[in-house]
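The values are calculated or read from the model by the stated rules, or taken from the named source; none is laboratory data. Just so it is clear, the model here is predicted, and its values are computed rather than measured. As a convention, Cβ positions derive from the backbone with ideal geometry for all residues, glycine included, and neighbour counts pool all protein chains shown.
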Amino acid sequence: MIKTTDVVKEYKGDIRALNDITIDIEKGEFVFVVGPSGSGKSTFLKLLTKEEEPTAGKVYVAGKNLASLPRWRVPYLRRNVGCVFQDFKLLPNKTVFQNVAFALEVIGRPHDVVHRQVPQILELVGLGEKLDRFPDELSGGEQQRVSIARAFVNRPLILIADEPTGNLDPATSVGIMRLLDRINRTGTTVVMATHDHTIVDSMRRRVIELENGQVVRDQSRGIYGVGT
Amino acid sequence: MRFRYFFSETAQNVRRNLLMTVAAVSTVAISLLLLGGVQILGMIVKNMTLNWQAKVEVAVYLRDDITHGELQTLESQVSQLHEVDHVTYVSKKQAFAEFKQQFRTQPEFWQSLPPDSLPASLRVKLTDAKFASAVAANLRGAPGVDDVRYGGEIIKRLLQVNSLLRTVTLVMSIILLVAAAALIANTIRLAIYARRDEIGIMKLVGATNWFIRIPFMLEGLFAALVGALISGGIVLTANSLLFTRMGRALPFLGPVFDFSSGDILAVLLILVAVGVGVGLVGSTMALRRFLEV
């Protein structure tokens, strides 16, 4: 589903964010990408949506070589890759329903599809009762559920989450992880960057650890860090 | 559903930066009005030229001592020229009668003149006004001919003034149109800035660039089109109120303010087309750099 070979990413001024990353993620896997700040986690995730392009090496997503993907095809790639962020990125002037519906409307889904799928997905994330609330009327955990609903409403093949629990308290984080786990069980590949030890240790999923842009550990059913 | 989306997005944008939109619309309107002025000026001059050309004749003034034989030779010689439509002989008496008729309201002009003070002449009507100078040159200096006059000079002057006026107005309207495009671009940039979060999310969830661009382009087009309609409306009003009245008030100018509805329609079409072009250029200027993935 996701494959990178010898990926190098350099930013301006010879800053090497990623160095020789070779990773293979199967369909349906749940993968944690861990490591300290600046280790290259976010850069790695950005390669998967072609927000960033590698300086060297190849990135394949859903069987496609992203380097040879023309610019105009990038939006279609992104329809297959849902994204969730630490800061939710909800639109404050739209309701919960409108925020999720927006993601379908702007890729040209017809009205009736939008009105069928949005309540369904909000029911799935546990917000079936709060369709007409605005983001600032919701708790942080609820806002993150909305953003997950938005990322998943189009049923993408891959869900990318960049520190989705970074702004949430531990109890709320557990709920979010349950939700991501449920989404993973539908066959969606989930790649999640985090530095939350408790979550990684309790989930016992594949862990890829980055340090200074290099893979220092790739372990199935792993924990956050050896010796922590 | 898509059209409804585009329409409501565009309407929202226009409402959000109303002031910038008004500025852009009025600049488009003013610059297009100048452009329309250039067109109308051109039409007036065309009418004037046609009018004058129809009247152009070469007047061959005859010497008082011309003999009958010379006159006959001259007359037959002139009428044989293929540029010449027909020739009329105007005697001294007729010339004086015409003069009296022309200035019948100002008898002081002719009362003290002896009736034979005006020269006899041949009035040469041409098949086309452009032959005037050639025919005039040909006849100048022929036996019995005193002087040759024709209206060609006036036409030449008229055309010179016209081309100068057109150039000045055209340059001015081009400068204004560029300003209008820049204002439209600025309006759209503001709209984009106001909606940068939404655009970010649209890109994130895989909206195509065209889908994101269309509402902004529509906004630019809308502003330009409204400007074009305003200027078009002014042109139409001017035509029906001002020009027809001016034509009636200044009858001696001839039918210079009579424009066919086809001509007016052509002017309106040019205004709308240029307006739409300006809107597109402005939108493209604003949208070129944004949407970098």
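Structure values in brief
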{"read-out": "Selected residue [more than 18 Å from the chain's Cα centre (by Cα) and within 11 Å of chain B (Cβ to nearest Cβ)] from A:Arg78, A:Arg73", "value": "A:Arg73"}
{"read-out": "Residue match in segment A:111-127 (condition: in contact with a Lys or Arg (Cβ under 9 Å, 6 or more places away or on another chain), within 14 Å of chain B (Cβ to nearest Cβ), of a type outside the set (Asp, Glu) and more than 17 Å from A:Leu90 (Cβ to Cβ))", "value": "yes"}
{"read-out": "Residue that is surrounded by the fewest Cβ atoms within 10 Å (Cβ to Cβ), among those in segment A:171-228 that are in contact (Cβ under 8 Å) with a residue 40 or more places away in the chain and at positive phi", "value": "A:Gly187"}
{"read-out": "Residue match in segment B:6-23 (condition: within 30 Å of B:Leu164 (Cβ to Cβ), more than 14 Å from chain A (Cβ to nearest Cβ) and part of a helix (DSSP H, G or I))", "value": "no"}
{"read-out": "All positions within segment A:197-228 that are under 16 Å from A:Thr4 (Cα atoms) and not in a strand (DSSP E or B)", "value": "A:Gly213"}
{"read-out": "Per-region count, segment B:83-125, residues exposed (fewer than 15 other Cβ atoms within 10 Å of the Cβ) and part of a loop (DSSP other than H, G, I, E, B)", "value": "12"}
{"read-out": "Output for segment A:94-110, where each listed residue is hydrophobic (A, V, I, L, M, F, W, C) and either within 14 Å of chain B (Cβ to nearest Cβ) or surrounded by fewer than 16 Cβ atoms within 10 Å (Cβ to Cβ) (or both)", "value": "A:Val100, A:Ala101, A:Phe102, A:Ala103, A:Leu104, A:Val106, A:Ile107"}
{"read-out": "Sole residue being touching a Leu at 6+ places or on another chain (Cβ under 6 Å) and either within 14 Å of another protein chain (Cβ to nearest Cβ) or surrounded by fewer than 20 Cβ atoms within 10 Å (Cβ to Cβ) (or both), chosen from B:Arg149, B:Arg195, B:Arg245, B:Arg213", "value": "B:Arg213"}
{"read-out": "Every residue from segment A:1-26 that is closer than 18 Å to A:Met192 by Cβ, outside any strand (DSSP E or B) and among the acidic types (Asp, Glu)", "value": "A:Glu26"}
{"read-out": "Elements of type helices (runs of 4 or more DSSP H) in segment B:126-227, at least 3 residues being free of Cβ contacts under 8 Å to residues at least 24 places away in the same chain and hydrophobic (A, V, I, L, M, F, W, C)", "value": "B:152-194, B:196-204"}
{"read-out": "Single residue of segment A:144-160 satisfying the filter (touching a Phe, Trp or Tyr at 6+ places or on another chain (Cβ under 8 Å) and either assigned to a loop (DSSP other than H, G, I, E, B) or within 14 Å of chain B (Cβ to nearest Cβ) (or both)) that is surrounded by the most Cβ atoms within 10 Å (Cβ to Cβ)", "value": "A:Arg150"}
{"read-out": "Test: A:Arg78 is surrounded by 22 or more Cβ atoms within 10 Å (Cβ to Cβ) and modelled with pLDDT under 95", "value": "yes"}
{"read-out": "Failed item, numbered, when A:Asp132 is tested on (1) away from chain B (no Cβ under 14 Å); (2) under 20 Å from the mean Cα position of the chain (by Cα); (3) not in a helix (DSSP H, G or I)", "value": "(2)"}
{"read-out": "Any hit, segment A:93-111, residues being among the hydroxyl-bearing types (Ser, Thr, Tyr), under 29 Å from A:Pro36 (Cβ atoms) and touching a residue at least 24 places away in the same chain (Cβ under 8 Å)", "value": "no"}
{"read-out": "Meets criteria (without any contact (Cβ under 8 Å) to a residue 40 or more places away in the chain, in contact with a strand residue (DSSP E or B) (Cβ under 6 Å, 6 or more places away or on another chain) and either crowded, with 18+ Cβ neighbours inside 10 Å or within 14 Å of chain B (Cβ to nearest Cβ) (or both)) for A:Leu66", "value": "yes"}
